[in-house]
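Step one of this worksheet: look at the structure below.
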Amino acid sequence: MSALHPAGARHDGSEAASQLAPSHLARWLGLAATPTFAVMALLTAAFSGGPADMLCAAGHGLWLGGMVPMYLLMSAFHSAAWLRLIAERRRA
């Protein structure tokens with residue numbers, strides 16, 4: 001059995017452990033944020049209208065009030081990981 005480097009690569013050069021490196025997991029987590037928030041916005045828009053919406057809609061009458069715009073903004077702010085991935089694929 002070979003020891004692991006801090007970055008997740010093995011001494012023998014195999015790729016198996018590098019798939020579990022923290023940077024690799026962080027990259028996939030960053031990619032998961034945008035679609036997750038987009039789905040949450042869709043679900044909230046589809047099933048909204050309950051009493052909890054009154055608590056979440058802080059800006060009554062403002063177009064930015066409520067959970068749907070918040071999820072859409074969060075999705076947009078987390079899209080940097082997707083833009084980086086697209087840029088890397090175009091360079092390759």
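GLY66 is checked against (1) at pLDDT 85 or above; (2) crowded, with 17+ Cβ neighbours inside 10 Å and fails just one. What number does that condition carry?
That leaves (1) as the condition not met.
Quick check: anything in region 74-87 in contact with a Ser or Thr (Cβ under 6 Å, 6 or more places away or on another chain), in a helix (DSSP H, G or I), at pLDDT 85 or above and among the hydrophobic types (A, V, I, L, M, F, W, C)?
yes
The values are calculated or read from the model by the stated rules, or taken from the named source; none is laboratory data. Computed from a prediction, not measured in an experiment: that's the story for all the values here. Heads up, the Cβs are rebuilt from the backbone with ideal geometry, glycines too, and the neighbour counts pull from every protein chain shown.
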